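Novice: Starting off with a structure, shown below.
The values are calculated or read from the model by the stated rules, or taken from the named source; none is laboratory data. In this text, all values refer to a predicted model and were calculated from it rather than measured experimentally. Positions of Cβ are backbone-derived with ideal geometry, glycine not excepted, and every protein chain shown enters the neighbour counts. Protein only, heavy atoms only, side chains kept; ligands, DNA and RNA dropped before computing areas. Shrake-Rupley method; radii C 1.70, N 1.55, O 1.52, S 1.80 Å.
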Amino acid sequence: MLTNVQLHREWEMNKSLRNRWLAIGACVALLGTAAGVWVLLHPASFVVQPWRAQQSVTSARFVFGPYPVDADMHRLKAEGITTIISLLNPQLPYEASLLEDEKERAARLGMRVLNFPMGSILGQRFGADYERNSRAAAEAAIASPGTVYIHCYLGLHRAASVRDYLEQHAGQVATREFDGSLEHGRSQRQLANERAQGLYEQDDYAGALRELATVQPLDYAAHVLTGWIQLRLGDNVLARDAFRRATLMADAKADAWGGLGFALLRLDDLEGASTAFEQALRLSPDDNDAMLGMAQVLYRQDRTQQARALLERLHAESPDNAEVNALLERLKQPADAPR
């Protein structure tokens, strides 16, 4: 028979064991929650990838798919897409975070993001605005110029709702399906451009130029990328010539005019740079790179008030932009200070 002391010791041991298991359970729950959050914030991870929809590419203007990660963004840019319609719901914390990341990446690439929140969890609709925003997203896609990318989280239910509306009101949307790989359904020119873009982002400029040269003649995207490569290499004349060839093409966009502006700025052709940046901003009024380039031109032309207005607008959008902040600091210096 156990004594009171022995019973107390046994009770203490059981209590310690219970506390230990509770602590382990709490840690497992915490790790599980953290893992779940990580998965939700990485929609292209190996966990989510099997559930993501294949992209559906229209023969005309509308592309449907899942949330575009960074690699997707560059591919969409190369395809000439300038408008992204996001159906993510900012009321869901993980979708709010993804939406902000998407807007930042799109802005850097000169694309705009329109958000029409639609609530859906595991395919189940919720929220009074689901149908209204589905219709509004479709109408915005119809009204947007050029090709539009429309997506939700996985590219399934919410995107399908918008697609249904478009099929009813914008004519039959003929599509072809592909598996999301870069090789499938792409021309040799597109493949070469995409491989060159990847090499450029790895700072392999010589390799990128070799890749671009494998298919002739160069198309618009290849000329623009050549211009940026030559700017990185410091050959401003070759950069100017590449961008200028791109601006002469029928499908010239703001990125070619902005690149030409920076090349001319480096060549001290302030009037030419000003004209190029003006054209870029005419095509894309919210192009931050073109605004910064124009601010640099105005600063060098001693048009400080106009330069400051552009820089303060850029600073409000991106307070940590080192280049903008440095130029704003220079504007605070006396007029006779060296520049």
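Novice: Evaluate the stretch 233-254: report whether one residue or more is modelled with pLDDT of 95 or more, within 26 Å of Pro319 (Cα to Cα) and not polar (S, T, N, Q).
Specialist: Looking through the stretch 233-254, none of the residues is modelled with pLDDT of 95 or more, within 26 Å of Pro319 (Cα to Cα) and not polar (S, T, N, Q).
Novice: Being under 19 Å from Leu264 (Cα atoms) and basic (Lys, Arg) is the requirement here; does Arg303 meet it? Can you show your working first?
Specialist: On the way: under 19 Å from Leu264 (Cα atoms): yes; basic (Lys, Arg): yes.
Spelling it out, Arg303 is indeed under 19 Å from Leu264 (Cα atoms) and basic (Lys, Arg).
Novice: What number of residues within the stretch 86-102 satisfy the criterion of being buried (at least 17 other Cβ atoms within 10 Å of the Cβ), in contact (Cβ under 8 Å) with a residue 24 or more places away in the chain, of a type outside the set (Asp, Glu) and touching a Pro at 6+ places or on another chain (Cβ under 8 Å)?
Specialist: 4
Novice: Report whether or not Arg125 is in contact with a strand residue (DSSP E or B) (Cβ under 9 Å, 6 or more places away or on another chain), open to solvent by 20 Å² or more (accessible area, probe 1.4 Å) and modelled with pLDDT under 85. Lay out the reasoning, then the answer.
Specialist: Working: in contact with a strand residue (DSSP E or B) (Cβ under 9 Å, 6 or more places away or on another chain): yes; open to solvent by 20 Å² or more (accessible area, probe 1.4 Å): yes; modelled with pLDDT under 85: yes.
Here the answer is yes, as Arg125 does meet what is asked.
Novice: Just one of the numbered conditions (1) under 26 Å from Asp204 (Cβ atoms); (2) surrounded by 18 or more Cβ atoms within 10 Å (Cβ to Cβ) is not true of Asp241; which one?
Specialist: Tallying (1) under 26 Å from Asp204 (Cβ atoms); (2) surrounded by 18 or more Cβ atoms within 10 Å (Cβ to Cβ), Asp241 fails exactly one: (2).
Novice: Next up: Only one residue in Thr304, Thr275 is over 26 Å from Lys103 (Cβ atoms), of a type in the set (Val, Ile, Thr) and either in contact (Cβ under 8 Å) with a residue 40 or more places away in the chain or open to solvent by 60 Å² or more (accessible area, probe 1.4 Å) (or both). Which one?
Specialist: Working: Thr304 fails: either in contact (Cβ under 8 Å) with a residue 40 or more places away in the chain or open to solvent by 60 Å² or more (accessible area, probe 1.4 Å) (or both).
None of the others qualify; the one that does is Thr275.
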